[in-house]
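Student: Got a structure for you, written out below as structure tokens; questions coming shortly.
The values are calculated or read from the model by the stated rules, or taken from the named source; none is laboratory data. These numbers were taken from a predicted model, which means no experiment stands behind them. Positions of Cβ are generated from backbone atoms using ideal geometry, with glycine treated the same way; all protein chains shown enter the neighbour counts. Accessible surface areas use protein heavy atoms only, side chains included; no ligands, DNA or RNA. Shrake-Rupley method; radii C 1.70, N 1.55, O 1.52, S 1.80 Å.
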Amino acid sequence: MISLVATKRILFIIFYVLIFLALFFVARNNFLLYHVIIEFFAIFTGLSIVLISFATREYNQNKIFLKFGTVYLFVSSVDFLHTLAYKGMGVFRGWTANQPTQFWIAGRSLEVLGFFLILFVPRLSMRTLFFSFGSLTAFLVSSIWFGFFPDCFLEGSGLTVFKISMEYVLISVLLGVLIKCLKSQDDSILAFRKSITSAIIFTVLGELSFTLYTYVYGFFNVLGHLFR
């Protein structure tokens with residue numbers, strides 16, 4: 001007899017395989033729709049963290065969760081711009097595949113920096129985190145908007161050295177954060193260790209995929225967004 005727990009795990013795996021296949025089918029037939037679905041789900045998840053953390057800030061004793069809420073307020077904002085700017089969306093006239101790729105690097109840089117500061121600088125106050133990330137987000141968005149952010153994708157040649165290098169820098173920092181998370185005995189971190197560990201592993205796999213594509217609608221871009 002298969003136990004109830006084993007049955008639930010099998011159903012869980014089947015469910016995710018079906019989701020994977022459905023998304024892959026959508027990606028093959030309409031990449032923009034696929035991209036919007038993936039990104040909006042990620043943005044929705046980020047904003048859910050923001051709303052729950054802010055709504056419970058008066059009595060929530062887990063400062064880690066509250067800080068993640070602050071970080072994802074800004075990360076989700078940049079991800080929203082990345083989604084709107086994606087090649088083929090037609091929202092920002094005159095833009096190419098370069099700007100959404102720049103927003104991607106900006107968003108992931110904020111996210112990884114947030115993970116690093118939250119786990120390695122636990123005494124950082126909420127106020128300092130909020131104003132620091134607010135200022136940094138404004139600077140990154142402005143630099144992309146006015147054209148002085150380093151190029152990340154060039155039509156005809158693909159990903160730039162800067163973009164690929166940044167991906168590996170982010171992966172290296174994430175691996176350091178993962179080790180810190182696994183070794184930590186902080187109750188605030190222990191409460192979310194499984195979630196943080198899973199998030200870091202899938203983010204690393206996604207970032208590795210995003211170092212390999214030469215076409216913004218290509219296979220490794222599809223794969224990277226599935227990991228997302």
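Student: For the pair residue 6 and residue 131, how long in nm is the line joining their label points, each one 7 Å along Cα→Cβ?
Tutor: In this crude label model, residue 6 to residue 131 measures out at 5.9 nm.
Student: Here is a further query. Per-residue counts of other Cβ atoms within 10 Å, averaged by peptide: what ranking do you get for 148-156, 71-79, highest first? Write down the numbers at each step before the final one.
Tutor: Working: 148-156: 14.9, 71-79: 23.6.
The packing order, highest mean first, is 71-79, 148-156.
Student: Keeping every protein chain present and rolling a 1.4 Å probe, give me the accessible area per residue for segment 103-189 in Å².
Tutor: Values: 4490 Å² over 87 residues.
Heavy-atom SASA per residue in segment 103-189 reads 52 Å².
Student: Calculate one ³J(HN,Hα) per residue across segment 212-228 by plugging θ = phi - 60° into the Karplus curve 6.51 cos²θ - 1.76 cosθ + 1.60, and present them in order as whole Hz with x for glycine and proline.
Tutor: Taking θ as phi minus 60°, the curve returns 10, 7, 10, 9, 5, 10, x, 4, 5, 6, 4, 4, x, 6, 5, 5, 4 Hz for segment 212-228.
Student: With a 1.4 Å probe and all protein chains in place, put 166, 126 in order of accessible area, largest first. Each step should come with its number before you reach the end.
Tutor: On the way: 166 45, 126 70 Å².
Descending order: 126, 166.
Student: With unit charges on the beta carbon (Lys/Arg positive, Asp/Glu negative), name the residue among 158, 85, 138 whose Cα is farthest towards the positive pole of the charge dipole of the chain.
Tutor: Highest projection toward the positive end goes to 138.
Student: Rounded to a whole number, what is D in µm²/s for segment 1-142 from Stokes-Einstein with the Kirkwood radius over alpha-carbon pairs (37 °C, 0.692 mPa s)?
Tutor: 189
Student: How large is the accessible surface of residue 212 in square angstrom, using a 1.4 angstrom probe and rounding to the nearest 10?
Tutor: 100
Student: Now for a different question. Could you state, as a whole-number percent, how many of the C-alpha pairs of segment 101-201 are farther apart than 22 Å? Kindly include the intermediate steps, with their values, before the conclusion.
Tutor: Numbers: 2056 of 5050 pairs.
In whole percent, the share of Cα-Cα pairs in segment 101-201 beyond 22 Å is 41.
Student: Still on this structure: For 116, 146, write out the residues from largest to smallest accessible area, computed with a 1.4 angstrom probe and no ligands counted.
Tutor: Values: 116 75, 146 155 Å².
My answer, sorted largest first, is 146, 116.
Student: If you place +1 on the Cβ of every Lys and Arg, -1 on the Cβ of every Asp and Glu, and leave all else neutral, what size is the dipole of segment 83-193 about its Cα centre, to the nearest 20 Debye? Show your work: numbers first, answer last.
Tutor: Numbers: 9 positive and 6 negative charges, 33 e Å.
Around 160 debye, computed over segment 83-193.
Student: Let me ask you something else. For a distance above 17 Å, tell me the whole-number percent of Cα pairs in segment 165-204 that qualify.
Tutor: Numbers: 217 of 780 pairs.
Tail of the P(r) past 17 Å holds 28 percent of the pairs.
Student: Something else about it: Can you tell me the dipole magnitude for the chain around its Cα centre, using point charges on the Cβ only (Lys, Arg +1; Asp, Glu -1), in Debye to the nearest 20? Walk me through the numbers before you get to the answer.
Tutor: Details: 17 positive and 10 negative charges, 98 e Å.
That gives the chain a dipole magnitude of about 460 debye.
Student: Per the Kirkwood formula on distinct C-alpha pairs, the Rh of segment 126-184 is how many angstrom?
Tutor: Details: mean 1/r = 0.0713 Å⁻¹.
Result for segment 126-184, one decimal place: 14.0 Å.
Student: With a sphere of radius 15 Å drawn around the Cβ of residue 101, what net charge do the other residues whose Cβ falls strictly inside it have (Lys, Arg +1; Asp, Glu -1)? Can you show the working numbers first?
Tutor: Numbers: positive: 87, 108, 163, 228; negative: 39, 79, 151, 155, 167, 207.
The answer is -2.
Student: Quick one: which residues, 5+ away or cross-chain, put their amide H under 5 Å from the amide H of residue 153? H built at 1.01 Å from N.
Tutor: 160
Student: Right, something else. Taking the Cβ of residue 133 as the centre, find all other residues whose Cβ is under 15 Å away and add up their charges (Lys, Arg: +1; Asp, Glu: -1). Write out the running numbers ahead of the final one.
Tutor: Details: positive: 67, 108, 127; negative: 79, 111.
My count for the surroundings of residue 133 gives +1.
Student: Less than 14 Å Cβ to Cβ from residue 213, Lys/Arg counted +1 and Asp/Glu -1: what total charge do the surrounding residues give?
Tutor: Working: positive: 87, 163, 228; negative: 155, 167, 207.
Summing Lys/Arg as +1 and Asp/Glu as -1 gives 0.
Student: Could you look at the chain and say what percent of its accessible area is carbon and sulfur, using a 1.4 Å probe and all protein chains? Before the final figure, lay out each step's value.
Tutor: Details: 8940 of 12690 Å².
Taking all protein chains in place, the chain shows 70 percent carbon and sulfur surface.
Student: Take residue 51, project a point 7 Å from its Cα along the Cβ direction, then tell me which residues of segment 71-95 have their backbone nitrogen under 14 Å from it.
Tutor: 73
Student: While we're here: Pop a pseudo-label 7 angstrom from the Cα along the beta-carbon direction at both residue 25 and residue 58 and give the gap in nm to one decimal.
Tutor: According to this spin-label approximation, the distance is 4.8 nm.
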